[in-house]
1. Considering the stretch 67-83 alone, what residues qualify as being touching a strand residue (DSSP E or B) at 6+ places or on another chain (Cβ under 8 Å) and either on the phi > 0 side of the Ramachandran plot or buried (at least 19 other Cβ atoms within 10 Å of the Cβ) (or both)?
2. Consider the stretch 16-30. How many of its residues are of a type outside the set (Gly, Ala, Ser), buried (at least 18 other Cβ atoms within 10 Å of the Cβ), over 17 Å from ILE300 (Cβ atoms) and within 16 Å of the ligand (Cβ to nearest atom)?
3. Among the residues of the stretch 149-163, write down those that are of a type in the set (D, E, K, R) and more than 14 Å from the chain's Cα centre (by Cα).
4. So, SER251, is that one outside any strand (DSSP E or B), over 20 Å from ASN90 (Cα atoms), more than 16 Å from the ligand (Cβ to nearest atom) and in the same structural domain as GLU59 (by TED's automatic domain parsing) or not?
5. How do the pairs read when you match residues in the stretch 214-236 that are in contact (Cβ under 8 Å) with a residue 60 or more places away in the chain and outside any loop (DSSP other than H, G, I, E, B) with residues anywhere that are of a type in the set (Lys, Arg) and away from the ligand (no atom under 16 Å from the Cβ), using Cβ under 7 Å and keeping only pairs 6 or more apart or on different chains?
6. Enumerate the pairs (first residue in the stretch 178-191 and more than 19 Å from HIS25 (Cα to Cα); second residue anywhere and within 8 Å of the ligand (Cβ to nearest atom)) with beta-carbon separation below 7 Å, excluding pairs fewer than 6 apart on the same chain, so at least 6 apart or on different chains.
7. Take the residues of the stretch 207-220 that are more than 10 Å from the ligand (Cβ to nearest atom) and not polar (S, T, N, Q): which is nearest to ILE360 (Cα to Cα)?
Amino acid sequence: MAQTVGVQAYRDEFPMTSEWAYLNHAAHGPFPARTVKAVQDYAASWASPSDFDDSRNEEIITGARVGIAELAGGSPSMVTFNGSLAEGMNLLANGIDWKDGDNVLIPVEEFPSVVYPFLNLEYRGVTVRFVEKNAAGHTDIGLIEAAMDDRTRAVALSHVEFMDGYKNDLKALGSLCQSRGIELFVDATQSLGAQLIDLNGSGVTAVAAHGYKWLLASFGIAVVVFAEGAIERIRPTYAGRMSVDASWEDSEYKLNFKSTAERYQTGGMNIIGLTALHSSLSLVREVSPEWNARHTAGLIDRLAAGVTESGYTVVSTLDPQYRSQIVAITSGDLKRDGEIVEELEKRNVAVTLRGRGIRISPYFYNSNEDIDRLLEALPPK
Ligand SMILES: Cc1ncc(COP(=O)(O)O)c(C=O)c1O
């Protein structure tokens, strides 16, 4: 993966950039032009039996699998698709052979779709232990380690956190969990595509992500990528015709799960969503997460200098180890921050209000001009 084309060429894929400073990818990632066309073409082909093309479907599914594996540092055979992060996290949570009295560790203020799948296991004797943040308000590996005991079976958390973009150190967490025989389930919805992930050999069991943000693939298409060997420990909760090594017309019904992560597929797949994912991946991979991380760090540095000059506070860390492509700033008054988000929207600057303030989330096609437009539109404090 190498970044070969300039930001302007990427902007041509997003015609709305002539009107908008769109800095809201942590909320929604828009379709690039190539994906609008790919989905339209697929929809047209579905209108006539003469255009049905199963081999094209296979190409899309295989291509999406290869693309996702590359972004996650995993293997194509260890990728499975589903409908949301919640579904992916449920797949992981339910797959453990829990014993009464086991526990799972989750940092406080995690995204709800990370938490509920485990709360729903209380009837199986599983306790969810919430781990407090440290004095700086961040998830802290030392506090996670301190909360572990010999009944801890899993840790679940986001790679990049949705409120302020804090990026957890997956390498350090992975080696901690691996050394204790604990599964590490990672929600990468806010990082896959935008930040480097190196799954295989990291000690992370699996990363899961929904596709409607940084993968530019809209709602209803999500992924789970397992590290090599991890599928042996996560039992499929659901089974269907696609989970097994058998012909679809086989009436002997031998439940022989596939040897790959396809064992977690059940029935016919969301091919429109996969079409969008497959097409958008061709652009996201052309850019590369490494290049994007550097590019967006530059944009956020420019933003941080400008907002600080205007009297706002940067809430997120800018520490190179923990920063990401998401940043939160505040006027000091959350209600006022909400009004500012609305004022910015009226001036075609898209950002979001979250619990820590105004959340700003640029991507590879955003430019210094987008940042300057936000700075100009930001009311004086
Ligand atoms: C960290 C994180 N995970 C997951 C999601 C989406 O979850 P789901 O796919 O369950 O709707 C979001 C959406 O904002 C998010 O920020």
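1. Just the residues of the stretch 67-83 that are touching a strand residue (DSSP E or B) at 6+ places or on another chain (Cβ under 8 Å), to begin with: 68-69, 71-72, 74, 78-83.
The answer is ILE68, ALA69, LEU71, ALA72, GLY74, MET78, VAL79, THR80, PHE81, ASN82.
2. Of the residues in the stretch 16-30, 1 are of a type outside the set (Gly, Ala, Ser), buried (at least 18 other Cβ atoms within 10 Å of the Cβ), over 17 Å from ILE300 (Cβ atoms) and within 16 Å of the ligand (Cβ to nearest atom).
3. Restricting attention to the stretch 149-163, the residues satisfying the condition of being of a type in the set (D, E, K, R) are 149-151, 153, 161.
Matches in the stretch 149-163: ASP149, ASP150, ARG151, ARG153.
4. Against the criterion (outside any strand (DSSP E or B), over 20 Å from ASN90 (Cα atoms), more than 16 Å from the ligand (Cβ to nearest atom) and in the same structural domain as GLU59 (by TED's automatic domain parsing)), SER251 qualifies.
5. Between residues of the stretch 214-236 that are in contact (Cβ under 8 Å) with a residue 60 or more places away in the chain and outside any loop (DSSP other than H, G, I, E, B) and residues that are of a type in the set (Lys, Arg) and away from the ligand (no atom under 16 Å from the Cβ), the close pairs are ILE231/ARG263.
6. That search, which allows pairs on different chains as well, returns PHE185/MET89.
7. The first filter runs over the stretch 207-220 and keeps only residues more than 10 Å from the ligand (Cβ to nearest atom), leaving 207, 214-218.
Those still in the list that are not polar (S, T, N, Q) too: 207, 214-217.
Numbers: VAL207: 24, TRP214: 13, LEU215: 17, LEU216: 17, ALA217: 20 Å.
Going through the qualifying residues, I end up with TRP214.
Every residue, every condition in (1) under 15 Å from LEU92 (Cβ atoms); (2) in a strand (DSSP E or B); (3) in contact with a Phe, Trp or Tyr (Cβ under 7 Å, 6 or more places away or on another chain); (4) at pLDDT 95 or above, yes or no:
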{"site": "PHE118", "(1), (2), (3), (4)": "yes, no, no, yes"}
{"site": "LEU157", "(1), (2), (3), (4)": "yes, yes, no, yes"}
{"site": "CYS177", "(1), (2), (3), (4)": "yes, no, no, yes"}
{"site": "LEU184", "(1), (2), (3), (4)": "yes, yes, no, yes"}
{"site": "ILE197", "(1), (2), (3), (4)": "no, no, no, yes"}
{"site": "GLY201", "(1), (2), (3), (4)": "no, no, no, no"}
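The values are calculated or read from the model by the stated rules, or taken from the named source; none is laboratory data. Keep in mind it's a predicted model, so treat the numbers as computed, not measured. No Cβ is skipped: glycine too gets one built from the backbone with ideal geometry, and neighbour counts run over all protein chains shown.
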